[in-house]
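Peer 1: This is the structure, below, for whatever I ask next.
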Amino acid sequence: MRDLMIVLGIETTCDETAAAVVERLEDGRGRILSNVVLSQVNEHAAFGGVVPEIAARAHVEVLDVVIADAMAQAGRDYDAVDGIAAAAGPGLIGGVIVGLTTAKAIALVKNKPLIAVNHLEAHALTARLTNGTAFPYCLFLASGGHTQILAVRGVGDYVRLGTTQDDAIGEAFDKTAKLLGLGFPGGPRVEKEAANGDATRFRLPRPMHGRKDADFSLSGLKTALRLEAEKIAPLTDQDVADLCAGFQQAIVDVVFDRLRAGLMLFRARFGAPTALVAAGGVAANQAIRKVLNRLAFEVGATLVVPPPELCTDNGAMIAWAGCERLALGLTDSLDTAPRARWPLDEIAAAEGALRRTAAYK
Ligand code: KG4
Ligand code: ZN
């Protein structure tokens, strides 16, 4: 076990091709030596969402340059690197294969340990890189692909308190934007429109409201919005703004209710959380940020929101998770398989499946 280490991290699970070099200092804190992110937003914009095949091909085309850039910007060569980390899932499998295979090749050629990182674990541990947040804490992860509330108890020790039964929050923003012709990615555009809209004009549902569990369901909200839009089509600019405002307010209310339930579950099982950590692109939304502040205040926790470039997908979070794992001697063999699905808390996932099966009986 070593205290001081340097890890190269590779991220290719969605539409960002990213590589970074991160150093873990002797006191356990982290320092980012380089963080290169190449977004494929333009490649996918015409389709209103990420197209897996296009993503995989784009990763292949640029990953070697992105890695070379990250190494050059860090000013280190491979001799100084202690491990090669890559996101091995969950994500779009074509992209995951590209990143993991590249990491394996570098690890093999340079004779370095491989660290196969769970992408969600990397989001979960980012607050420790940026803020040195101590375990345990409550994580609210909301991106285009994930919506989860987790108890983060230690490296490799996560308990899922809530998740979405259908769409992720970012996905709901993206689909709303697509429906209203606002383009991709939808979150920032819906937020901008919402600023000029009347949130009370349309009656939209708040799915799962008041339930004791901390799960989300957003497909009903999406359908309700579509029906309202169809009723008044063709839409004026004001209609679009009002629909966006109504949608965003519904999401804000849902996040408040569901995350509050998640924090209650956290408290019941692990005691009062000292920190509420946000991750994922959705945390950039100012209205949602306000709700997080309010909830953190309510439960007496510190709100930790890493800077936007570290909240969204990036290589530094993979490299940092690699550091945290390597420091504990957790490395992976070169035949580690890429995974499209990889719940952080496999046990909780199994429990959830059992619960759902029981409900059908
Ligand atoms: O974490 P991220 O960059 O990528 C992954 O999905 O992994 O998150 C992107 C998601 C998109 O769905 C985007 O619409 C959403 O985050 N998003 C937002 C905002 N900015 C980005 N959603 C709501 N409001 C925003 N300001
Ligand atoms: Zn992500």
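Peer 1: Cα extents of the stretch 126-187 along the three principal axes, largest first, in whole Å?
Peer 2: Answer, in whole Å and largest first: 43, 26, 14 Å.
Peer 1: Further, regarding this structure: Taking the highest mean first, how do the peptides 92-100, 281-289 order by number of other beta carbon atoms within 10 angstrom per residue? Write down the numbers at each step before the final one.
Peer 2: Working: 92-100: 23.7, 281-289: 19.6.
Those peptides, ordered most packed to least, come out 92-100, 281-289.
Peer 1: Now for a different question. When we measure straight from the Cα of LYS112, which lysines land under 24 angstrom away, once same-chain ones fewer than 8 places off are left out?
Peer 2: Output for LYS112: LYS104.
Peer 1: Can you list the lysines whose alpha carbon is less than 26 Å from that of LYS222, not counting same-chain residues fewer than 8 positions off?
Peer 2: Here the lysines satisfying the reach criterion relative to LYS222 are LYS175, LYS178, LYS192, LYS212, LYS231, LYS290.
Peer 1: Could you work out the Rg to Rh ratio of the stretch 75-191, with Rh taken as the Kirkwood radius (inverse of the mean 1/r over all Cα pairs)?
Peer 2: Working: Rg = 17.5 Å, Rh = 16.6 Å.
When Rh is taken as the Kirkwood radius, the ratio is 1.06.
Peer 1: The stretch 182-255: Rg/Rh from Cα coordinates, Kirkwood Rh? Could the numbers behind the result be given before it?
Peer 2: On the way: Rg = 12.5 Å, Rh = 12.7 Å.
Result for the stretch 182-255 is an Rg/Rh of 0.98.
Peer 1: Oh, and also: Quick one: which residues, 5 or more positions from ASP215 or on another chain, have an amide H under 5 Å from its amide H? H modelled 1.01 Å from N in the peptide plane, none for Pro or chain starts.
Peer 2: THR163
Peer 1: What value, in deg cm²/dmol to 500, does the helix sum -39500 (n - 2.57) over DSSP H runs of n ≥ 4 give at 222 nm once divided by the residues of the chain? Spell out each step's value before the answer.
Peer 2: Working: 12 runs with 172 residues, N = 361.
That calculation yields -15500 deg cm²/dmol at 222 nm.
Peer 1: What trypsin sites (Lys or Arg not before Pro) in the stretch 150-203 are in a loop by DSSP, with at most 16 other Cβ atoms within 10 Å of the Cβ?
Peer 2: Details: sites: ARG153, ARG160, LYS175, LYS178, ARG189, LYS192, ARG201, ARG203; in loops: ARG201, ARG203.
Taking the stretch 150-203 and a limit of 16 other Cβ atoms within 10 Å, the loop trypsin sites (Lys or Arg not before Pro) found are ARG201, ARG203.
Peer 1: Contact order normalised by length for the stretch 1-120, with contacts defined as Cα pairs under 8 Å and 6 or more residues apart; what percent is it?
Peer 2: Working: 239 pairs, mean separation 35.4, N = 120.
With pairs under 8 Å counted, the relative contact order is 29 percent.
Peer 1: Just the number please: accessible area per residue for the stretch 135-239, 1.4 Å probe, all protein chains included, in Å². Don't skip to the end; give the middle numbers.
Peer 2: Working: 4810 Å² over 105 residues.
Normalised by residue count, the accessible surface of the stretch 135-239 is 46 Å².
Peer 1: Could you order the peptides 125-133, 226-234, 291-299 from most to least packed, using the average number of other C-beta atoms within 10 Å per residue? Please list the in-between numbers first.
Peer 2: Numbers: 125-133: 21.8, 226-234: 11.9, 291-299: 16.7.
Highest mean packing first, the order is 125-133, 291-299, 226-234.
Peer 1: Among DSSP beta bridges whose residues both lie in the chain, state the antiparallel percentage, nearest 5.
Peer 2: The antiparallel fraction comes to roughly 65 percent.
Peer 1: Residue-wise, which Karplus ³J(HN,Hα) couplings in Hz belong to the stretch 82-99, taking 6.51 cos²θ - 1.76 cosθ + 1.60, θ = phi - 60°, and x for glycine or proline?
Peer 2: Working through the residues one at a time gives 9, x, 10, 10, 9, 6, 9, x, x, x, 6, 4, x, x, 4, 4, 4, x Hz.
Peer 1: Run the accessible area of the stretch 110-174 with a 1.4 Å probe and give the carbon-and-sulfur part as a rounded percent. Display every interim value, and only then the final one.
Peer 2: Values: 590 of 1650 Å².
Using a 1.4 Å probe with all protein chains present, the stretch 110-174 comes out at 36 percent carbon and sulfur.
Peer 1: How large is the convex hull of the C-alpha atoms of the chain per residue, in Å³?
Peer 2: Details: hull volume 49.6 nm³, N = 361.
Normalising the Cα hull of the chain by residue number yields 137 Å³.
Peer 1: Here is a follow-up. Provide Rg over Rh for the stretch 1-142; use the alpha carbon set for both Rg and the Kirkwood Rh (inverse mean inverse pair distance). Before the final figure, lay out each step's value.
Peer 2: Values: Rg = 15.3 Å, Rh = 15.7 Å.
Here the Rg-to-Rh quotient is 0.97.
Peer 1: Okay, moving on. Taking every eigenvalue of the Cα gyration tensor of the stretch 230-321, multiplying by 5 and rooting it, what semi-axes result, largest first, whole Å? Before the final figure, lay out the partial values.
Peer 2: Numbers: eigenvalues 183, 76, 21 Å².
After scaling each eigenvalue by five and taking roots: 30, 19, 10 Å.
Peer 1: Now for a separate question. For the stretch 178-194, take each phi angle, set θ = phi - 60°, evaluate the Karplus expression 6.51 cos²θ - 1.76 cosθ + 1.60, and give the result in whole Hz per residue in order, putting x for glycine and proline.
Peer 2: Working through the residues one at a time gives 5, 4, 8, x, 9, x, 10, x, x, x, x, 6, 5, 4, 5, 4, 4 Hz.
Peer 1: Suppose we keep just the DSSP beta bridges with both residues in the stretch 77-198; what percent of those would be antiparallel, to 5?
Peer 2: Details: 12 of 17 bridges.
Here the share of antiparallel DSSP bridges comes out near 70 percent.
Peer 1: Could you work out what % of the accessible surface of the stretch 1-98 is carbon and sulfur, using a 1.4 angstrom probe and leaving DNA, RNA and ligands out of the count? Don't jump to the answer; show the numbers that get you there.
Peer 2: Details: 2280 of 4230 Å².
So the carbon and sulfur contribution to the accessible surface is 54 percent.
Peer 1: Restricting the count to DSSP beta bridges whose residues both fall in the stretch 1-126, what percent are antiparallel, rounded to a multiple of 5? Mind showing how you got there, number by number?
Peer 2: On the way: 16 of 25 bridges.
Roughly 65 percent of the DSSP beta bridges within the stretch 1-126 come out antiparallel.
Peer 1: Okay, next question. What do you get when you divide the Cα radius of gyration of the stretch 160-311 by 2.2 N^0.38 Å, with N the number of residues?
Peer 2: Output field value: 1.06.
Peer 1: Per residue, how many Å² of accessible area does the stretch 255-324 show with a 1.4 Å probe? List each step's numbers first, then the result.
Peer 2: Numbers: 2530 Å² over 70 residues.
Accessible surface, normalised per residue, equals 36 Å².
Peer 1: Could you tell me which of rounded, prolate or oblate describes the stretch 270-323, using a ≥ b ≥ c as the square roots of the eigenvalues of the alpha-carbon gyration tensor, with rounded for a/c under 1.5 and, failing that, prolate when a/b is larger than b/c and oblate otherwise? Don't skip to the answer; put the middle values down first.
Peer 2: Working: a/c = 3.64, a/b = 1.42, b/c = 2.56.
It comes out oblate by the Cα gyration axes.
The values are calculated or read from the model by the stated rules, or taken from the named source; none is laboratory data. All figures in this text were calculated on a predicted structure; none of them were measured in a lab. Positions of Cβ are generated from backbone atoms using ideal geometry, with glycine treated the same way; all protein chains shown enter the neighbour counts. In case anyone asks, the SASA skips ligands and DNA or RNA and just uses the protein heavy atoms, side chains included. Shrake-Rupley method; radii C 1.70, N 1.55, O 1.52, S 1.80 Å.
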